[in-house]
Structure formats: structure tokens, C-alpha cells
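The values are calculated or read from the model by the stated rules, or taken from the named source; none is laboratory data. Since the structure is predicted, the reported quantities are computational estimates derived from the model, not experimental observations. FYI the Cβ positions are ideal-geometry reconstructions off the backbone, even for glycines, and counts take in every protein chain you see. Remember, those area values only see protein heavy atoms, side chains included, never the ligands or the DNA or RNA. Shrake-Rupley method; radii C 1.70, N 1.55, O 1.52, S 1.80 Å.
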Amino acid sequence: MPVKNIALLGSTGSIGVNTMNVVAENPEQFRVVAISAGSNGTLLIEQAKRFKPEAVAIWDKNQEAAIKSALTGLNIKVFSGEDGLETVAGWPSARQVVSAIVGAAGLKPTLTAIRAGKDIALANKECLVMAGELFMEEIAKSGVTLIPVDSEHSAIFQALHNGQTGPIETPLTNERKNEIDHLTLTASGGPFHGWTKEQLQHVTKSQALAHPNWSMGRKISIDSATMMNKGLEVIEAYYLFGVPAGQIEVVVHPESIIHSMVSFYDGSVLAQLGEPDMRTPIAVAISWPKRVATSVDNLDLVKIGRLNFFPAPSAEDFPCLHLAFKALATGGSAPATLNAANEIAVAAFLDEKIEFLDIPKIIALTLDEMTVAKPNSIDEVMAVDNMARSKALELVLQIQGKNRLS
Ligand code: NAD
Ligand code: MG
């Protein structure tokens, strides 16, 4: 396999660092030619010194000068701001872009990469939740390959395409779709699996951040605790594979060993198993259709002994999953609203401005308040995103006001 040039959006995050690890383990296969970060200039500098990309970009413009000075003499171009992210996304020598910025900020640079003809390894699920239809149209138009990094979608992707060396259809052709009875997304259940609404009332930020199986960024860790992560993943699966929502099932599997499954109409169920370690799906996404080595341990099923499965939690105890299904059924701008309100609510919870159970309340109220329309362009999606953020923020302020009064 000739060396493959990769650009990495969000190199300093959890997925970004894991991607760098996979690349470092396979220097003959991959070279990271461009990287970007939001505001962690220190780690960006460290990564640039170690991996010697051709370009780096920092979203926070204030850090550009310091980064330039730290990288003097290394022949690395330094960019900043939104333009800088776009430059990395379309970096000429890159063949594939790993999209690993968290949240809505990842949408525009990922689209830039698609339009520049880069294959995409997609970790940023928010892109698909916000703008699924338009995003998939862009993929089809530019003819690039889209491979999911999210472990559940990687599992489904592998179950559908293992051994396939020809082009990958995203979404699936009708013929392939007809072979599928349903998709099962597994969910660990997060730190609060089995808890009731009453028990969830006053959980703290550190309790919510303590995921039992996966080590991830802060936003997705809270999403896992509320089960919104699984909701976003249902929407992600819907757009990625083109399978109707009624054929996407969620099952709680606390060990996170089976990463998801496809049930076919002949009665076969294909699953992908592995340690809960993102280096595996990242390696799959950047090396497809081949496989590369990682230092992730193979499973020891005897040691694991038992795998458990439970139905998805009730809408009463974990409303977020159900809000996501509802937004998907509503369609149009509803998923973009859901995503924006969730980002605001999660940030407010992380800032300790609201309680855990305020998160679904804010999302539900924002969904109720926003009119639903079908966005016809990315600008219209961004307008929905902005408006939903303002509404959600108002709700955060109202809750804060009440807390101060009581
Ligand atoms: P993280 O918070 O650890 O990292 C986010 C990265 O995005 C960082 O490099 C940060 O600098 C950058 N960033 C943040 N805001 C930015 C902005 N405004 N502009 C430019 N860059 C910005 O997040 P993560 O856990 O690595 O998750 C990244 C994405 O991957 C998310 O969409 C998440 O849902 C998805 N994902 C993550 C995991 C996981 O295990 N961490 C698993 C599946 C999917
Ligand atoms: Mg996942």
C-alpha cells in the first residue's frame, strides 16, 4: 500500500489523538499532512513537531503568532480562524480527511473537504444530524468515499462491506437495503444505565463524565450519559445507510463488546466485536479496504465470560433518545434544532449552570418552539442552528434565573 496522505480536523481531541496514534504505529502506510485544532495550541505544537505536517491551523486566531514562532524553521505553514480550518480541510496533498471536530463547528470544514474531492473518515456525527440530506448529496456529487469512524457505524459498515474492494455505496443501493431486515445499534447505557428519573435528578458533572467503557471528549461523554449520543447515532445511521428509522433498533449492551449488528432477511445477523477502543474503527476508516495493525488487544471472550443485553430505556427516564427519534420522524429542520439545543444544553451542564434533567427539557422546549421547514442549503441549516441556539440559551438563562430565586 503506498503511503496515504491524511488531513486531520480536530487533531487535539480524543479521536484526533487516537488517529495520530494509529498513524504513528503505521508510518509506512500513513502520513499526516495537515492538522487543525480549536484552541489547544500547546498540543497542536507538540503534534506538529512530532509528525511534521505540511500545514497546521488553529481556530483561535489569538494563538497563531505563538504557534508560528514555536514552529519556526520546520517548514510548516500556519493558518488560523475559520479560513484556516478550511485550508486544512482542502489541503492539496491530502487524499482523505478525518473529520473529528466536535459539534456543529465540524460541518463547514467537512463540506469543504468533500467539495475538494477528499475521501472522508467521519467521526463528527453532528454533521449528519444537522444536514444529513444535503451532506449525502454533496458526497454523491463529488463521488468521494465516506467511511464512518463512530464505532457502531463502523461495525455496521464492516458487516455490510467486509471484503469488498470496489466502490462503496453511501447510502446503500436499494438492492442491498432490501437484504436488510434491521440494524441494531448497541449502547453501553453510559454511567447511569438502569437509573430512574428520580435517581438522575441531582447527578453531578463528574458522575456524568465518568463513562464506564469509553474514554472520550467531554461533549460526547455527556451525550452518552443522557443517551442523546445514541439518538444522534440513530439519525447518523439513517443518513449513512439509508435505512428507515423503523428498521433501526437500539439495544443496551453494557460491556460494549458487540459494537452493532445487521440482521439480514435470510435470518443471518452479522456483528462486529472488539475491545471498546476507538483506534480500531479509526484504523478501519483510514486503511479501508485493507487493514492495518493497531496495539488494541484482541478480545478474550473467556475472560469476558458473559455479554448482557437490555431494551432501550424508557422515554420517562431517558427522554433524549426518544427526542432524537421524534426529530427524525418530524424531519426537515428538526434534527438540526435537536442538535443545536443539545449542544447548548450540554455546554450549560458542563458549566454547571443547569441540572442533568434540564438537558432534555431544554431540547424538548426548543423543538416545540421552532417551526419546522426543510432546509434547502447549508446556509439555511446554519440559520436554523443559530436560531435554535438562541432559543436554547434563553431557556438556560430562565432556568438559571429560577435557580437563583429559589
Ligand atoms: P474532543 O472534544 O475530544 O475533541 C474535539 C476536537 O475538535 C479538538 O481537537 C478541538 O480542538 C476541536 N474543536 C473544538 N471546537 C472547535 C472549533 N470551534 N473549531 C475548530 N476545532 C474545534 O471530541 P472527541 O471526543 O474527539 O469527538 C470528536 C467528534 O467525534 C465528535 O463529533 C464525537 O461525537 C465524535 N466521536 C467521538 C468518539 C470518541 O470516542 N471520542 C467516538 C465516536 C464519535
Ligand atoms: Mg458511537
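Quick notes on this structure:
- 222 nm mean residue ellipticity, helices alone, for the chain (DSSP H n ≥ 4; -39,500 (n - 2.57); rounded to 500): -14500 deg cm²/dmol
- For region 123-232, the pair-distance distribution built from all alpha carbon pairs, in bins 5 Å wide starting at 0, is 2, 9, 17, 19, 17, 13, 10, 7, 4, 2, 0 percent.
- Note that region 1-130, at 25 °C in a medium of 0.890 mPa s, gets a Stokes-Einstein diffusion coefficient of 174 µm²/s from its Kirkwood radius over C-alpha pairs.
- A straight Cα-to-Cα reach below 16 Å connects Lys49 with the lysines Lys68, Lys77, residues fewer than 8 places away in its own chain not being considered.
- Estimated FRET transfer efficiency when R0 is 60 angstrom, pair Thr371-Thr42 (beta carbons, to 0.05): 0.85
- If you sort His153, His193 by accessible surface, 1.4 Å probe, largest first, the order is His193, His153.
- Fraction of accessible area attributable to carbon and sulfur, the chain (%, probe 1.4 Å): 52 percent
- Summed over all non-identical Cα pairs, the Kirkwood treatment of region 29-79 gives a radius of 10.6 Å.
- The dipole here belongs to the chain: it is taken about the Cα centre, uses +1 on the Cβ of Lys and Arg and -1 on the Cβ of Asp and Glu, and is about 920 debye.
- The chain - share of DSSP beta bridges that are antiparallel (%, nearest 5): 25 percent
- With a threshold of 23 Å on the Cα-Cα distance, the over-threshold entries among Lys197/Lys303; Lys108/Lys219; Lys4/Lys118; Lys125/Lys197; Lys118/Lys290 are Lys197/Lys303; Lys125/Lys197.
- Solvent accessible area, Å² - Glu82, 1.4 Å probe, full protein context: 120 Å²
- Computed over neighbours whose Cβ is under 14 Å from that of Pro281, the net charge equals -3, Lys and Arg +1, Asp and Glu -1.
- Surface/4 estimate of mean projected area, convex hull on alpha-carbon atoms of the chain, nm²: 20.0 nm²
- Accessible surface area normalised per residue over the chain is 42 Å², counting heavy atoms of protein chains with a 1.4 Å rolling probe.
- For the chain, the residue among Ile363, Ala271, Val22 whose Cα projects farthest onto the positive side of the dipole built from Cβ charges is Val22.
- Computed log₁₀ I(q)/I(0) - Debye formula, equal Cα scatterers, no solvent, region 174-405, q 0.08, 0.12, 0.14, 0.17 Å⁻¹: -0.33, -0.74, -0.99, -1.33
- Heavy atoms of Ser215 accessible to a 1.4 Å probe, total area in Å² rounded to 10: 100 Å²
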